[in-house]
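Everything on this sheet refers to the single structure shown next.
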Amino acid sequence: MAGSLQDQLVKAGLASEQQLKHTKSKKRKQKRSGAATPDAAQREQAQQAAAEKRARDRALNRQRDEEAKRKAEQIALWQLVRDNRVPRADGDRAYNFTDGKALKRLYVSAAQHRDLVDGRLAIVRHDDFYELVPATVAERLAAAEPALVLVHNRAEAEDGEDEYADYKVPDDLMW
């Protein structure tokens with residue numbers, strides 16, 4: 001009696017070879033399908049991992065989109081300065097200004113110097129250089145990136161009523 005129970009039943013005539021094969025294949029299929037289908041805990045864990053991966057992917061995509069948008073804005077600002085810069089090849093007057101803590105000097109013509117003082121021109125940083133641009137361009141740059149505009153003189157707002165507006169100050173007044 002060294003055989004399995006199934007073999008013994010076939011030898012005794014209580015089961016046929018066909019029934020034996022059918023039972024073996026049925027057991028094999030149950031084992032295979034049982035190992036392939038995870039239980040509920042594994043399925044929930046897989047769904048949670050997939051959800052976390054989707055969230056990470058969305059965050060990464062959002063970060064990439066923001067970086068691409070920032071680069072596109074910087075390129076647009078760079079092109080705006082490049083297209084609207086005022087040439088200053090014949091500059092003979094020094095205009096001093098500050099860039100952070102450093103004192104810088106830019107040579108401009110007399111008309112450009114007057115326009116800088118009056119606020120019709122502005123000095124902006126363009127790569128590692130400084131450029132003169134019209135005031136309208138400087139305002140657009142200041143709205144997008146305030147650190148680029150280094151010098152933009154604006155007329156101070158009048159208060160409306162000056163207490164001493166009726167009094168003329170003589171030119172030869174000595175203090």
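The values are calculated or read from the model by the stated rules, or taken from the named source; none is laboratory data. As the structure is a computational prediction, the values presented were derived from the model and not from experiment. In this analysis, Cβ positions are derived from the backbone assuming ideal geometry, glycine residues included, and neighbour counts consider all displayed protein chains. To get the accessible areas, we keep the full protein, side chains included, count just its heavy atoms, and leave off ligands, DNA and RNA. Shrake-Rupley method; radii C 1.70, N 1.55, O 1.52, S 1.80 Å.
Summary of computed values
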item	result
Rel. contact order, % - alpha carbon contacts under 8 angstrom, at least six apart, the chain	13 percent
Positive-end extreme of charge dipole, the stretch 1-146 - chosen from ALA102, GLY3, VAL117 (charges on Cβ)	GLY3
Relative contact order (%) - the stretch 76-175, alpha-carbon pairs under 8 angstrom, separation at least six	24 percent
The chain - percent of accessible surface contributed by carbon and sulfur, probe 1.4 Å	51 percent
Rounded accessible area of ASP65 (nearest 10 Å², 1.4 Å probe)	100 Å²
Under 17 Å from the Cα of LYS71 - aspartates and glutamates, other chains or at least 8 residues apart	ASP127, GLU145
Phi to ³J(HN,Hα) by Karplus 6.51 cos²θ - 1.76 cosθ + 1.60 over the stretch 74-83, Hz, x for Gly, Pro	5, 5, 5, 5, 4, 5, 4, 5, 4, 6
From phi via Karplus (6.51, -1.76, 1.60), per-residue ³J(HN,Hα) for the stretch 21-27 in Hz, x at Gly/Pro	4, 5, 5, 4, 5, 5, 5
Neighbour cut-off at most 12 other Cβ (10 Å), DSSP loop, chymotrypsin sites (Phe, Trp or Tyr not before Pro), the stretch 59-167	TYR164, TYR167
For GLU52, solvent-accessible area (1.4 Å; no DNA, RNA or ligand), Å²	100 Å²
Local net charge near ASN84, Cβ-Cβ under 10 Å (Lys/Arg +1, Asp/Glu -1)	+1
Distance between modelled label sites at HIS22 and ARG64, nm, 7 Å Cα→Cβ extension	5.7 nm
For the stretch 68-133 and the stretch 6-21, distance of Cα centres in Å	99 Å
Other-chain or far-sequence residues with amide H under 5 Å of TYR95's (modelled H)	LEU106, TYR107, VAL108
Straight-distance crosslink candidates among lysines, where the alpha carbon sits under 27 Å from LYS11 and sequence neighbours closer than 8 are dropped	LYS21, LYS24, LYS26, LYS27, LYS29, LYS31
Residue-averaged 222 nm ellipticity for the chain, from DSSP H runs of 4+ at -39500 (n - 2.57), nearest 500	-18000 deg cm²/dmol
Derived scalar couplings ³J(HN,Hα) [the stretch 142-147; Karplus, 6.51 cos²θ - 1.76 cosθ + 1.60; whole Hz; x for Gly, Pro]	5, 5, 8, 9, x, 5
Computed label-point distance, nm, for sites ARG140 and LEU103 using a 7 Å Cα→Cβ extension	3.5 nm
Inverse of mean 1/r across different Cα pairs in the stretch 1-130, Kirkwood, Å	23.6 Å
Inter-label distance for ALA51 and ARG114, nm, one decimal - labels placed 7 Å from Cα along Cα-to-Cβ	7.2 nm
